[in-house]
1. Among the residues of segment 291-313, are any surrounded by fewer than 21 Cβ atoms within 10 Å (Cβ to Cβ) and free of Cβ contacts under 8 Å to residues at least 24 places away in the same chain?
2. Determine, yes or no, whether Asp330 is under 16 Å from Thr380 (Cβ atoms) and more than 26 Å from the chain's Cα centre (by Cα).
3. Can you confirm whether Gly164 is assigned by TED's automatic domain parsing to the domain that holds Thr140, closer than 21 Å to Phe48 by Cα and not in a helix (DSSP H, G or I)?
4. Conditions: (1) in contact (Cβ under 8 Å) with a residue 60 or more places away in the chain; (2) surrounded by 20 or more Cβ atoms within 10 Å (Cβ to Cβ); (3) not charged (D, E, K, R). Ile368 meets all but one. Number of the miss?
5. Out of curiosity, is Met102 of a type outside the set (S, T, N, Q), touching a strand residue (DSSP E or B) at 6+ places or on another chain (Cβ under 7 Å), at negative phi and assigned by TED's automatic domain parsing to the domain that holds Glu77?
6. Got at least one residue in segment 28-48 being under 30 Å from Asn154 (Cβ atoms) and modelled with pLDDT under 95?
7. Val337 - would you say it is part of a strand (DSSP E or B), surrounded by fewer than 20 Cβ atoms within 10 Å (Cβ to Cβ) and aliphatic (A, V, I, L, M)?
Amino acid sequence: MRIIIPSLIFAFCASLVQGFDHQNITLRGNLLNSMTVFEKSQKGRVAFMGGSITEMDGYRPMVMEFLKSRFLETEFEFINAGISSTCSTTGAFRLERDVLSMGPIDLFFLEFAVNDDQDAGHRWKACIRGMEGIIRNLRTQHPRSDIIVTFFVNPNMLEILMNGEIPRSMGAHEAVLRKYKVSRIHLGRELASQISEGTFGWEKFGGTHPKPAGNRLCAEMHIKLLARAWSGTAPILPQKHYLPSEPLDEFSYFRGRFFSPSQIKLSKGWSYSEPLWSEIKGGKRNRYMNRPLLHASFPAAPLSFEFSGTAIGAFVLAGPDAGSIRYVIDGKKRGEVDLYHPNYSKGLHYPRSVIFAHDLAPGPHQIIIQPQTSKGERNTVRLLEFCLN
């Protein structure tokens, strides 16, 4: 049942958060385009992208309810593009499929700070390439889309923040947001500040996947930002947002897209089908069941195909039996990537993106891949999509 909240909630909720540190609620550029569309067309498309924090019933439905109560006459289309365990690298490659294919986005909420930290364990450059890939691609294809990025937090990141330092993923993402003038909610630093002041606690917040109190804190910070952003007069027509002429990192994944294995001619030992999951050990998520994928085990024959772009990788399911992929690009660039995730693959067919090469010359290339045995017993490759940039 939809709850209709009086329009006074806009001012009331803003008053609830007057104590927030404005450094943690940062408006860059403006968010007036979405207000213009919501008010004048009475239609709106709002997308949320991130990991499990976005996918779950957390801050996202709270913000959705606020938007519906703020614009009572507006018909909203809400897109939940949250996928558990995925990082900004995967986000950059799936943006086209999960968000851009839906049409112009009026308001885009994005979070990957926690997943880049604890799931992917990304280095600085990888955090940049994923986050910039998403934002630059969106701003290129839909230059009038308003964007808000949120920094959620896990215990390790919270400890770093309370020591006055900056977690790697947050620092890298912030560098991207400054360059592109993107607004940001620093939930992690706000929580650290309130814990230090004794006004909030980690248990009340609810942990890495916040409980209602933690999600309410997050939603109220978004309401505060939107109240500030929408306090002015909406322009007659939406305006293009700032897009830097050059990327922060030339190898960022701003041309990212998935390439289906179904388009490849298979070699001996490879199959594009649904695995017989009932005979395979390890937890499975429903999202990846009842669908075909590319799979093979050592010693399958080498698989070769052509592609175009500066980067290539794969979005895989890495379970207890996950081996490695040996690759050769253009007969020169060689390497091997272990698919097994040391923290999560033991009991789960874990979704993750691996990159074979990120700095290729623009244009056509050829890659040869082959499954390899890792640690003496893990020998299987299960590949959902190839990742191209």
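The values are calculated or read from the model by the stated rules, or taken from the named source; none is laboratory data. This one's a predicted model, so the numbers in the text were calculated from it and none came from an experiment. All Cβ positions, even for glycine, are placed from backbone atoms using ideal geometry, and neighbour counts span all protein chains on display.
1. yes
2. Details: under 16 Å from Thr380 (Cβ atoms): no; more than 26 Å from the chain's Cα centre (by Cα): yes.
Criteria not met by Asp330.
3. On the way: assigned by TED's automatic domain parsing to the domain that holds Thr140: yes; closer than 21 Å to Phe48 by Cα: no; not in a helix (DSSP H, G or I): yes.
Judged against the criteria, Gly164 is not a match.
4. Here Ile368 meets the rest and fails (2).
5. On the way: of a type outside the set (S, T, N, Q): yes; touching a strand residue (DSSP E or B) at 6+ places or on another chain (Cβ under 7 Å): yes; at negative phi: yes; assigned by TED's automatic domain parsing to the domain that holds Glu77: yes.
Answer is yes for this residue.
6. We begin by selecting, within segment 28-48, every residue under 30 Å from Asn154 (Cβ atoms); these are 28-29, 31, 34, 46-48.
Narrowing further to those that are modelled with pLDDT under 95: 29.
Checking segment 28-48: at least one residue is under 30 Å from Asn154 (Cβ atoms) and modelled with pLDDT under 95.
7. On the way: part of a strand (DSSP E or B): yes; surrounded by fewer than 20 Cβ atoms within 10 Å (Cβ to Cβ): yes; aliphatic (A, V, I, L, M): yes.
When the stated conditions are applied, Val337 passes them.
Yes or no, residue by residue, for (1) under 26 Å from Val37 (Cα atoms); (2) surrounded by 15 or more Cβ atoms within 10 Å (Cβ to Cβ):
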residue: Arg144; (1), (2): yes, yes
residue: Met157; (1), (2): no, yes
residue: Asn163; (1), (2): no, no
residue: Arg184; (1), (2): yes, yes
residue: Phe200; (1), (2): no, yes
